[in-house]
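Inspection log for the structure reproduced underneath, given as structure tokens.
What follows draws every value from the coordinates through simple rules; no lab data is involved. Predicted, not measured: the structure shown is a model, and the values here were computed from it. Quick reminder, even Gly has a Cβ in these numbers, built from the backbone with ideal geometry, and neighbours come from all protein chains shown.
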Amino acid sequence: MADEDFNLTDLKSGGADGMSDDFSPPEIPDKPRSAADLEAVYDIPVQVSAVLGKAHMQVNQLLKLGRGAVVELDRKVGEAIDIYVNNRLVARGEVVVVDDRLGVTMTEIIKSDRG
């Protein structure tokens with residue numbers, strides 16, 4: 001069927017392929033109503049990365065690095081870090097110290113364009 005032979009009225013009336021207009025998409029709730037609604041995903045592993053900054057260099061520069069070398073990053077002191085979940089930017093935050101360990105606190109959630 002050519003593109004110009006197809007229009008929306010074909011869909012409403014069943015169209016040329018004989019489809020009926022009984023189809024309706026399944027109901028999808030707007031939001032989970034409780035923590036129990038999310039139980040199915042609790043055990044799914046995800047990779048979380050906190051990126052302090054990035055640097056670009058040639059392989060020969062990388063090979064010259066030794067103990068105590070300083071690599072300049074593209075961020076300034078105090079600037080927010082990027083937080084990725086499964087290689088997807090989801091938030092920005094800042095580094096914190098918790099019981100002699102480094103941690104991250106989220107300060108901004110990044111809205112996704114995916115729907």
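How many residues does region 76-115 hold that are of a type in the set (S, T, N, Q) and surrounded by fewer than 10 Cβ atoms within 10 Å (Cβ to Cβ)?
Total satisfying the criteria: 2.
Go through region 60-115 and count every residue that is in contact (Cβ under 8 Å) with a residue 12 or more places away in the chain and outside any loop (DSSP other than H, G, I, E, B).
Residues in region 60-115 being in contact (Cβ under 8 Å) with a residue 12 or more places away in the chain and outside any loop (DSSP other than H, G, I, E, B): 19 in total.
Restricting the search to region 34-59, which residues are part of a loop (DSSP other than H, G, I, E, B), free of Cβ contacts under 8 Å to residues at least 12 places away in the same chain and among the charged types (D, E, K, R)? Talk me through it step by step, then tell me what you get.
Residues of region 34-59 that are part of a loop (DSSP other than H, G, I, E, B), as a first pass: 34, 42-47, 52-58.
Going one step further and asking which of them are free of Cβ contacts under 8 Å to residues at least 12 places away in the same chain, we end up with 34, 42-45, 56, 58.
Within region 34-59, Asp43 is the sole residue that qualifies.
Being over 17 Å from the mean Cα position of the chain (by Cα) and within 21 Å of Ala55 (Cα to Cα) is the filter here, so list the residues in region 73-101 that pass it.
At the first step, the residues of region 73-101 found to be over 17 Å from the mean Cα position of the chain (by Cα) are 73-80, 94-101.
Of everything in region 73-101, those that are over 17 Å from the mean Cα position of the chain (by Cα) and within 21 Å of Ala55 (Cα to Cα) turn out to be Leu73, Asp74, Arg75, Lys76, Val77, Gly78, Glu79, Ala80, Glu94, Val95.
Restricting to region 42-63, count the residues that are more than 29 Å from Val85 (Cβ to Cβ) and surrounded by 10 or more Cβ atoms within 10 Å (Cβ to Cβ).
Initially, region 42-63 is screened for residues more than 29 Å from Val85 (Cβ to Cβ), giving 58-61, 63.
Subset that is surrounded by 10 or more Cβ atoms within 10 Å (Cβ to Cβ): 61.
The number of residues fulfilling the criteria is 1.
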